[in-house]
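The values are calculated or read from the model by the stated rules, or taken from the named source; none is laboratory data. Given the structure is predicted, the values throughout are model-derived calculations rather than measurements. So basically every Cβ, Gly included, is an ideal-geometry build from the backbone, and we count neighbours across all protein chains shown.
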Amino acid sequence: MTDGGRDLVYLVTGGCGFLGEHMVRTLLEMEPRLRELRVFDLHLGPWLEALNPGPVQVTPIQGDVTRAEDVVAALAGADVVIHMAGLVDVWGLNDPEIIYRVNVQGTQNVIDACVQTGTRFLVYTSSMEALGPNTKGHPFYRGNEDTPYEAIHTQPYPRSKAQAERLVLEANGRKVRGGLPLVTCALRPTGIYGEGHQLMLDFYRNAQCTGGWLFRTIPASVEHGRVYAGNVAWMHVLAARELGSRATTMGGQIYFCYDDSPYKSYEDFNLEILGPCGIRLLGTRPLLPYFLLFLLAILNAFLQWLLRPLVVYTALINPYTLSLANTTFTVHTDKAQRHFDYQPLYGWEESRDRTVSWVKTRKGHPGPLPRD
Ligand SMILES: NC(=O)c1ccc[n+]([C@@H]2O[C@H](COP(=O)([O-])OP(=O)(O)OC[C@H]3O[C@@H](n4cnc5c(N)ncnc54)[C@H](O)[C@@H]3O)[C@@H](O)[C@H]2O)c1
Ligand SMILES: CC(C)CCC[C@@H](C)[C@H]1CC[C@H]2[C@@H]3[C@H](O)C=C4C[C@@H](O)CC[C@]4(C)[C@H]3CC[C@]12C
């Protein structure tokens, strides 16, 4: 070891995204063996310049995971890669082919670069959507990693996450340069919230336009899994740290990301954050009957198709996002605790309060929907 025990080089792909920023900050704060942190992204964030990395060297790398040569160059000499770059698109913003190229081919490029350069540890940010909810609307009620569920993927984003996750798990054990085996695992967050969550801000701003009201569209009984970004990042830190010493247990495994965030419907959960910001939710039951919402979703999909030659029309509600929001999907597990001693770094109240404070500071700041 060198420099007071700081001997490891980490690479975070997608390190300037919503989760990526939490990842970078958590690594700097919580990983004492970190010597160099390479932050790889298509678009580098200005906040990187303002970081106070202490003894760690932070290396921003502007690159594209779909370009194998970019990934190899970034990975050379790295010990660990946390691969979270991806296109999060459930709105039809991007061509399915592009989603495949970034999420699946990009992941294959990361695996191949590990093999080529000798990087031995790979943590992949998958998603609950690698499993479900499926298009049949089957509920996944407080399930764990072993709960049987029929995964059916018709949409490009969830399909790409499932394919990429499979590639990562199958790569476990492959020999990398130098002859040692690659050790991989995949973490599956549910819906992430926290500082930087653009969609939460969009709901806040929409409500401001209606005098502080949101209108209930989903039955309160439909539970939707949520997890705080700081805890998701912390789980990645621990998984990356323990992959070396617990390779037999952890290699090739999936882990749901979980914490103490309450089980609620998508809208009721948002209200936990937006309520303290002055927003109220109207109705104890959905104000519109489901069939009308479904018609609206179909209309939006039709408009997207119709206008495609001229403009990419997107709306919050389409048949897929509506079914996602309307299907119970929550996790209840302790696998990460058993395999690598994970405990949430932030309790529910702190996770909520940090997010609330952030929303309050963002009042009046414009922002895109959804992120591209
Ligand atoms: N947001 C959620 O609720 C959620 C839930 C589960 C899983 N995830 C996964 O977590 C990861 C991060 O998601 P996020 O919400 O922070 O999304 P995000 O869009 O904020 O971040 C993704 C980052 O990847 C970068 N990126 C995109 N294409 C790239 C390319 N070709 N090369 C290099 N970088 C590229 C983007 O610039 C962006 O900074 C994704 O893999 C996503 O699938 C997100
Ligand atoms: C009031 C509603 C009908 C409005 C629609 C809400 C909709 C935009 C929300 C509901 C569920 C959300 C997804 C869910 O939290 C999980 C994920 C997994 C992750 O991998 C990417 C983000 C995503 C798809 C959320 C996107 C926004 C959704 C669809």
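Please state which one of Glu150, Glu129 is closer than 25 Å to Gly86 by Cβ and within 12 Å of ligand 1 (Cβ to nearest atom). Lay out the reasoning, then the answer.
On the way: Glu150 fails: within 12 Å of ligand 1 (Cβ to nearest atom).
Matching residue, one of Glu150, Glu129: Glu129.
Looking at Ala239, Ala297, which one is within 15 Å of ligand 2 (Cβ to nearest atom), in contact (Cβ under 8 Å) with a residue 24 or more places away in the chain and small (Gly, Ala, Ser)?
Working: Ala239 fails: within 15 Å of ligand 2 (Cβ to nearest atom).
Answer to the check: Ala297.
In the stretch 342-357, which residues are crowded, with 19+ Cβ neighbours inside 10 Å and in a loop (DSSP other than H, G, I, E, B)?
Filtering the stretch 342-357 for residues crowded, with 19+ Cβ neighbours inside 10 Å gives 342, 344-346, 351-352, 355.
Correct list: Tyr342, Pro344, Leu345, Tyr346.
Conditions (1) closer than 20 Å to Val39 by Cα; (2) within 14 Å of ligand 2 (Cβ to nearest atom); (3) buried (at least 24 other Cβ atoms within 10 Å of the Cβ), marked per residue:
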| site | (1), (2), (3) |
| --- | --- |
| Glu97 | no, no, no |
| Asn103 | yes, yes, yes |
| Phe121 | yes, no, yes |
| Asn134 | no, yes, no |
| Pro148 | no, no, no |
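Go through the stretch 274-316 residue by residue and tally those that are farther than 18 Å from Trp213 by Cα and aliphatic (A, V, I, L, M).
Keep residues of the stretch 274-316 that are farther than 18 Å from Trp213 by Cα, which gives 289-315.
Now narrow it down to the ones that are aliphatic (A, V, I, L, M): 292-293, 295-299, 301, 303, 306-307, 310-312, 315.
The number of residues fulfilling the criteria is 15.
Yes or no: the stretch 189-211 includes at least one residue that is part of a strand (DSSP E or B), more than 13 Å from ligand 2 (Cβ to nearest atom) and touching a residue at least 24 places away in the same chain (Cβ under 8 Å).
Filtering the stretch 189-211 for residues part of a strand (DSSP E or B) gives 191-193.
With more than 13 Å from ligand 2 (Cβ to nearest atom) added as a condition, the list becomes none.
Scanning the stretch 189-211, I find no residue that is part of a strand (DSSP E or B), more than 13 Å from ligand 2 (Cβ to nearest atom) and touching a residue at least 24 places away in the same chain (Cβ under 8 Å), so the answer is no.
Looking at the stretch 36-72 only, could you name the residues that are touching a residue at least 12 places away in the same chain (Cβ under 8 Å) and either within 16 Å of ligand 2 (Cβ to nearest atom) or among the polar types (S, T, N, Q) (or both)?
Within the stretch 36-72, Gln57, Thr59, Gln62, Thr66 meet the criteria.
Among (1) part of a loop (DSSP other than H, G, I, E, B); (2) under 16 Å from Val80 (Cα atoms); (3) among the hydroxyl-bearing types (Ser, Thr, Tyr), which single condition is Tyr10 missing?
Answer for Tyr10: the failing condition is (1).
Which members of the stretch 173-200 meet the condition of being over 21 Å from Asp259 (Cβ atoms) and surrounded by 20 or more Cβ atoms within 10 Å (Cβ to Cβ)? Can you show your working first?
As a first pass, look at the stretch 173-200 and keep what is over 21 Å from Asp259 (Cβ atoms): 173-184.
Val176, Leu182, Val183, Thr184, listed by residue number.
Working only within the stretch 324-341, note down all residues that are in a helix (DSSP H, G or I) and more than 11 Å from ligand 2 (Cβ to nearest atom). Explain how you work it out, then say what you get.
So the first thing to find is which residues in the stretch 324-341 are in a helix (DSSP H, G or I), and the list is 324-325, 335-340.
If the condition is that a residue be in a helix (DSSP H, G or I) and more than 11 Å from ligand 2 (Cβ to nearest atom), then Lys335, Ala336, Gln337, Arg338, His339, Phe340 are the ones that fit.
How many of the residues in the stretch 46-81 are among the charged types (D, E, K, R) and within 19 Å of Arg241 (Cα to Cα)? Break it down into steps so the answer makes sense when it comes.
As a first pass, look at the stretch 46-81 and keep what is among the charged types (D, E, K, R): 49, 64, 67, 69-70, 79.
Cutting the leftovers down to within 19 Å of Arg241 (Cα to Cα) gives us 79.
Summing the residues that are among the charged types (D, E, K, R) and within 19 Å of Arg241 (Cα to Cα) in the stretch 46-81 gives 1.
Taking the residues in the stretch 73-94 that are more than 20 Å from the chain's Cα centre (by Cα) and either surrounded by fewer than 19 Cβ atoms within 10 Å (Cβ to Cβ) or within 30 Å of Asn318 (Cα to Cα) (or both) as candidates, determine which candidate is nearest to ligand 1 (Cβ to nearest atom). Reasoning before the result, please.
We begin by selecting, within the stretch 73-94, every residue more than 20 Å from the chain's Cα centre (by Cα); these are 73-79.
Checking the rest, the ones that are also either surrounded by fewer than 19 Cβ atoms within 10 Å (Cβ to Cβ) or within 30 Å of Asn318 (Cα to Cα) (or both) come to 73, 76-77.
Details: Ala73: 13, Ala76: 17, Gly77: 19 Å.
Selected residue: Ala73.
Those residues that are free of Cβ contacts under 8 Å to residues at least 60 places away in the same chain and either within 15 Å of ligand 1 (Cβ to nearest atom) or in contact with a helix residue (DSSP H, G or I) (Cβ under 8 Å, 6 or more places away or on another chain) (or both), I need them from the stretch 159-183; list them, please.
Arg159, Ala162, Arg166
Test each condition in (1) in contact (Cβ under 8 Å) with a residue 40 or more places away in the chain; (2) over 26 Å from Leu11 (Cβ atoms); (3) not polar (S, T, N, Q) for Lys136 and report the one that comes out false.
(1)
Within the stretch 99-151, which residues are within 19 Å of Gln253 (Cβ to Cβ) and at pLDDT below 95?
Hits for the stretch 99-151 are Gly132, Ala151.
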